[in-house]
Amino acid sequence: MSQAKKKYKYLPGDPIPKDNIASMIRVNHAGELGAVVIYKGQQAALKNSNLYDKLVEMEIHEREHFDYFDNQISERNIRPSFLYNIWKKMGFMLGYVSGKLSEKSAMTCTMAIENNIERHYAEQIETLSNINIDQELLDNIIQFREDELEHRDIAVECDAKESKIFYPVYYSVSLISKISIFIAKKI
């Protein structure tokens, strides 16, 4: 694809990509908050599990991601999602319930979310690469995407696909994740 076609691949009336940076930061802030509290919920449900240390390690990564976007919200004077407190409660519940179902179900939940977040970050990387206006943000999202892929791989290694209820958990959590991303972009 030529550079000219890349530059003008948006339709008339579409938002200009550089104007979407605030939306990117808002949704990433909400998403990383969700990830932190999902892992907190899983830890609460699986505190005596062999997975506990892995859940703590993954939560630490997500906390670093959240802290970065929390700083970006402040520095750039971006409004956080209006549903911030709901994300906290719903994320914890999702993590807790998935952990109470079983260790494998908790990892299925992790796998579903991380797959969606990885794709979401890949779209942002493409957009930011095309508009070439915020290299620091791009570099951080690239690194965070790698962390999300690592978390997904950990979930697979921990037998996420072996859950007796893999398909219902995977597809329902995936749908919840997609809806949450859509909503957080808007409000």
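Here, each number is a calculation from the coordinates, and none is a lab measurement. Computed from a predicted structure; not experimentally measured. Positions of Cβ are backbone-derived with ideal geometry, glycine not excepted, and every protein chain shown enters the neighbour counts.
The table for this structure:
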{"read-out": "Packing-based exposure ordering (other Cβ within 10 Å, fewest first) of 56, 173, 36, 97", "value": "56, 97, 173, 36"}
{"read-out": "Rg in Å to one decimal, and Dmax rounded to a whole Å, for the chain via C-alpha atoms", "value": "17.0, 57"}
{"read-out": "Ranked list, fewest to most other Cβ atoms within 10 Å of each Cβ, for 158, 109", "value": "158, 109"}
{"read-out": "Extension gain, residue 47 back to residue 178 (0.36 nm per residue minus Cα-Cα distance, nm)", "value": "44.3 nm"}
{"read-out": "Only Lys, Arg (+1) and Asp, Glu (-1) charged, at Cβ; region 19-186 dipole about Cα centre in debye", "value": "1040"}
{"read-out": "Calculated [θ] (222 nm, deg cm²/dmol) that DSSP helices of n ≥ 4 give over the chain, each run adding -39,500 (n - 2.57)", "value": "-27000 deg cm²/dmol"}
{"read-out": "Rounded if a/c under 1.5, otherwise prolate or oblate - region 78-187, Cα gyration tensor axes", "value": "oblate"}
{"read-out": "Ranked 25, 133, 73, criterion: other C-beta atoms within 10 Å, fewest first", "value": "133, 73, 25"}
{"read-out": "Within the chain, longest stretch clear of exposed chymotrypsin sites (Phe, Trp or Tyr not before Pro) (DSSP loop, no more than 11 other Cβ within 10 Å)", "value": "11-187"}
{"read-out": "For the chain, built as a Gaussian network whose Cα springs stay under 10 Å, the top-fluctuating residue of 172, 74, 98", "value": "74"}
{"read-out": "Top of 143, 43, 135 by mean-square fluctuation, Gaussian network on the chain, Cα under 10 Å", "value": "135"}
{"read-out": "Across 88/185; 47/88; 100/186; 104/185; 40/185; 100/161, pairs whose alpha-carbon gap is larger than 26 Å", "value": "100/186; 104/185"}
{"read-out": "Theoretical gain in end-to-end length, residue 153 to residue 187 [0.36 nm per residue, Cα-Cα removed]", "value": "9.1 nm"}
